[in-house]
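**Q** Here's a structure for you.
Nothing in this text is a laboratory measurement; each read-out follows from the coordinates by a stated rule. Note that the coordinates shown come from a computational prediction; the quantities given were computed from them, not determined experimentally. Using ideal geometry, Cβ is built from the backbone for each residue, glycine included, and neighbour counts are taken over all protein chains shown.
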Amino acid sequence: CLLVLLGSVPTAHAAEMRMPAPTGTRALQAGAAVIYYVAPGGTGDCTSWATACDLQTALVAAVSGDEIWAAAGVYKPAADPADRTATFQLKAGVPIYGGFAGGETSREARDPAANVTVLSGDLSGDDGANFANNGENSYHVVTGAIDAILDGVTITAGNANGDMALA
């Protein structure tokens, strides 16, 4: 099953754009939204494309009103193929925008068709044609939340074939 979520991209004026807050300054900027920059395999602090983090790190840190900008590539909810319960748990009020090449300074500059951002449940990276080798895939690649947005993201390779209670 393949689901592609592409939406319209609202136009923002330069004065409305928010730049990321340096690590540890959220308390000093109460109410200020933060942009978290993510890239596959990212290990940084999420404050810029040069210091992008992984998607799970950004999802843990983000709060309602923040945004997550995801560079092109494949993201998996866990590195351990035995962790079929792993999911990208969306957060209320936190949009995830895919389709970035990894250097943009505005959401409008992204191109989801050219910079494909994939959330994949294929934890081993070994799926074949006709769902071959999908026994270790995540039960639920993405778990939703109220007012969460996925825009410019492809979700693939889930395998909800077992008894898995969501918390």
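**Q** Karplus couplings for the stretch 57-72 from phi (6.51 cos²θ - 1.76 cosθ + 1.60, θ = phi - 60°), rounded to Hz, Gly and Pro as x?
**A** Running phi through 6.51 cos²θ - 1.76 cosθ + 1.60 with θ = phi - 60° gives 4, 5, 5, 5, 7, 5, 10, 3, x, 6, 10, 10, 9, 10, 6, 4 Hz.
**Q** While we're looking at this one, here's another question. What is the extension gain from ALA101 to ILE146, computed as 0.36 nm multiplied by their sequence separation minus the C-alpha to C-alpha distance, in nm to one decimal?
**A** Answer, rounded to one decimal: 13.4 nm.
**Q** OK, next. Using 0.36 nm per residue, how much length does the chain from ALA129 to VAL116 gain when fully extended, once their Cα-Cα distance is taken away?
**A** Difference between extended and current length: 2.6 nm.
**Q** Give the shape of the stretch 93-133 as rounded, prolate or oblate, defined through the alpha-carbon gyration tensor: a ≥ b ≥ c are the square roots of its eigenvalues, a/c under 1.5 means rounded, and otherwise the shape is prolate if a/b is larger than b/c and oblate if not.
**A** prolate
**Q** Net charge around VAL74, counting only other residues with Cβ within less than 12 Å of its Cβ (Lys, Arg = +1; Asp, Glu = -1)?
**A** The answer is -2.
**Q** Sort the stretch 66-112 into rounded, prolate or oblate with this rule: let a ≥ b ≥ c be the square roots of the eigenvalues of the Cα gyration tensor; rounded if a/c is under 1.5, and if a/c is not under 1.5, prolate when a/b is larger than b/c, oblate otherwise.
**A** oblate
**Q** Please name whichever of LEU123, THR47, VAL63 sits farthest to the positive end of the charge dipole of the stretch 36-146, dipole taken about the Cα centre and charges placed at Cβ: Lys and Arg +1, Asp and Glu -1.
**A** Of LEU123, THR47, VAL63, it is VAL63.
**Q** Using 0.36 nm times the number of residues separating THR43 and ASP80, minus their current alpha carbon distance, what extension gain do you get?
**A** Residue separation times 0.36 nm, minus the Cα-Cα distance, leaves 11.6 nm.
**Q** Would you work out if the stretch 41-167 is rounded, prolate or oblate? Take a ≥ b ≥ c from the square roots of the eigenvalues of the alpha-carbon gyration tensor; rounded if a/c is under 1.5, else prolate when a/b is larger than b/c, oblate otherwise.
**A** Note, shape of the stretch 41-167 comes out prolate.
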